[in-house]
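Q: Encoded as structure tokens, here's the structure I'll be asking about.
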Amino acid sequence: MANKENKIARLAIDDRCEGCNNIAATEEGNFCSKYADPAFHWEGDQICAFATHVKREVKVNTKKLNPLKASKRYQGHK
Ligand code: SF4
């Protein structure tokens, strides 16, 4: 049976979270409503997946590929 006393410790938001709609303001401070450790989701160059204030660039390859040539190219690698 789950003990209600065993709650997950929530850490305060990271500086890069400022402006996100998932911030829950409480008396103890600002916390993320999605993640317990917001700073973890900003480590390195990564961008938080649930961030609402950051637009991520999606690279779309518009280069046309001739399937016949691609097939021949692939045959050459065997
Ligand atoms: S969803 Fe991401 S960016 Fe938004 S508050 Fe939580 S950790 Fe920060």
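The values are calculated or read from the model by the stated rules, or taken from the named source; none is laboratory data. Predicted, not measured: the structure shown is a model, and the values here were computed from it. As a convention, Cβ positions derive from the backbone with ideal geometry for all residues, glycine included, and neighbour counts pool all protein chains shown.
Q: I'd like the full set of residues that are modelled with pLDDT under 90 and either surrounded by 12 or more Cβ atoms within 10 Å (Cβ to Cβ) or more than 13 Å from the chain's Cα centre (by Cα) (or both), limited to segment 32-61.
A: Answer for segment 32-61, where residues must be modelled with pLDDT under 90 and either surrounded by 12 or more Cβ atoms within 10 Å (Cβ to Cβ) or more than 13 Å from the chain's Cα centre (by Cα) (or both): V58, K59, V60, N61.
Q: Among (1) more than 8 Å from the ligand (Cβ to nearest atom); (2) part of a helix (DSSP H, G or I), there is one condition R16 misses while meeting the rest; what is its number?
A: Here R16 meets the rest and fails (1).
Q: Okay, moving on. When only residues in segment 4-13 that are assigned to a loop (DSSP other than H, G, I, E, B) and either more than 12 Å from the ligand (Cβ to nearest atom) or more than 15 Å from A51 (Cβ to Cβ) (or both) count, which is modelled with the lowest pLDDT? Break it down into steps so the answer makes sense when it comes.
A: Within segment 4-13, the first condition is being assigned to a loop (DSSP other than H, G, I, E, B), and the residues that meet it are 4-11, 13.
Those still in the list that are either more than 12 Å from the ligand (Cβ to nearest atom) or more than 15 Å from A51 (Cβ to Cβ) (or both) too: 4-11.
Working: K4: 59, E5: 65, N6: 71, K7: 81, I8: 84, A9: 89, R10: 90, L11: 93.
Residue satisfying both the conditions and the ranking: K4.
Q: Any idea how many residues of segment 15-31 are closer than 15 Å to A49 by Cα and surrounded by 10 or more Cβ atoms within 10 Å (Cβ to Cβ)?
A: Total meeting the criteria: 7.
Q: Name the one entry in K34, K63 that is touching a Phe, Trp or Tyr at 6+ places or on another chain (Cβ under 8 Å) and free of Cβ contacts under 8 Å to residues at least 60 places away in the same chain. If you could, list the steps in order and put the result at the bottom.
A: On the way: K63 fails: touching a Phe, Trp or Tyr at 6+ places or on another chain (Cβ under 8 Å).
One residue alone meets the criteria, K34.
Q: Within segment 40-54, count every residue that is within 8 Å of the ligand (Cβ to nearest atom) and either closer than 18 Å to L11 by Cβ or among the acidic types (D, E) (or both).
A: 6
Q: Follow-up. So is T26 touching a residue at least 24 places away in the same chain (Cβ under 8 Å), out of contact with any helix residue (DSSP H, G or I) (no Cβ under 7 Å at 6 or more places or on another chain) and hydroxyl-bearing (S, T, Y) or not?
A: No.
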